[in-house]
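Peer 1: Attaching a single structure in structure tokens format; questions to follow.
The values are calculated or read from the model by the stated rules, or taken from the named source; none is laboratory data. Since we're looking at a predicted model, the values are computed, not measured. No Cβ is skipped: glycine too gets one built from the backbone with ideal geometry, and neighbour counts run over all protein chains shown.
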Amino acid sequence: MTIIRDFEDAPQPPTPLEQPTHRCRVMLTPFQREDVRKRTGREMAWVDIHDDDGRAFEKGMPQRNPDDVLWHALRDAEERNKYDADYHAYLIALAAWQDANKATPAQIADELAEEAEEDAEARAEAFAEFYAAEGAALEAAKAAAVEAWDPKGKKRKKAAAGE
């Protein structure tokens, strides 16, 4: 068990790839799949083409040259490979940061004991305040009950006179 509490200097993950509002998903031909795999090392069955211009790409698909689709697939594969490499570098940096910020078992025990002691003191103070407020409320309630039960104070006067 390690306690790491200071996260300000921790490595941050790379920004995720942009997701288009509109896209045209195109299935790759076996030739295109093989070409993408050979050039980039990435297996892809389809490519999502950004089509934010009111589905212009989708509407023009019957006239599209297959090389246009291949170009988009290669670009997408390269972007994904770069993101994967950046994410891998982030994970390595994060692991190194975690190792550098590990606490020893003795430090963890001391920190937990200190937190438990502080928590116990805070609870004791809260209970003391609560019971003091409850005692004051009880005395006020007793006085209100006596006043309501003996509004003219006859019994109090007898008690004060020692009768």
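Yes/no per residue for (1) touching a helix residue (DSSP H, G or I) at 6+ places or on another chain (Cβ under 6 Å); (2) over 30 Å from residue 27 (Cα atoms); (3) of a type outside the set (Ser, Thr, Tyr):
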site	(1), (2), (3)
70	yes, no, yes
77	yes, no, yes
85	no, no, yes
89	no, yes, yes
98	no, yes, yes
107	no, yes, yes
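Each row is one residue, and each column tells you yes or no for (1) surrounded by 11 or more Cβ atoms within 10 Å (Cβ to Cβ); (2) under 16 Å from residue 15 (Cβ atoms); (3) touching a His at 6+ places or on another chain (Cβ under 8 Å).
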{"residue": "75", "(1), (2), (3)": "yes, no, no"}
{"residue": "80", "(1), (2), (3)": "yes, yes, no"}
{"residue": "85", "(1), (2), (3)": "yes, yes, no"}
{"residue": "97", "(1), (2), (3)": "yes, no, no"}
{"residue": "103", "(1), (2), (3)": "yes, no, no"}
{"residue": "107", "(1), (2), (3)": "yes, no, no"}
{"residue": "121", "(1), (2), (3)": "no, no, no"}
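Peer 1: Here are some conditions: (1) within 29 Å of residue 9 (Cβ to Cβ); (2) modelled with pLDDT under 90. Residue 63 meets all but one. Which one does it not meet?
Peer 2: Every listed condition holds for residue 63 apart from (1).
Peer 1: Looking only at residues in region 8-28 that are exposed (fewer than 10 other Cβ atoms within 10 Å of the Cβ) and charged (D, E, K, R), which one is modelled with the lowest pLDDT?
Peer 2: Across region 8-28, the extreme among qualifying residues is 8.
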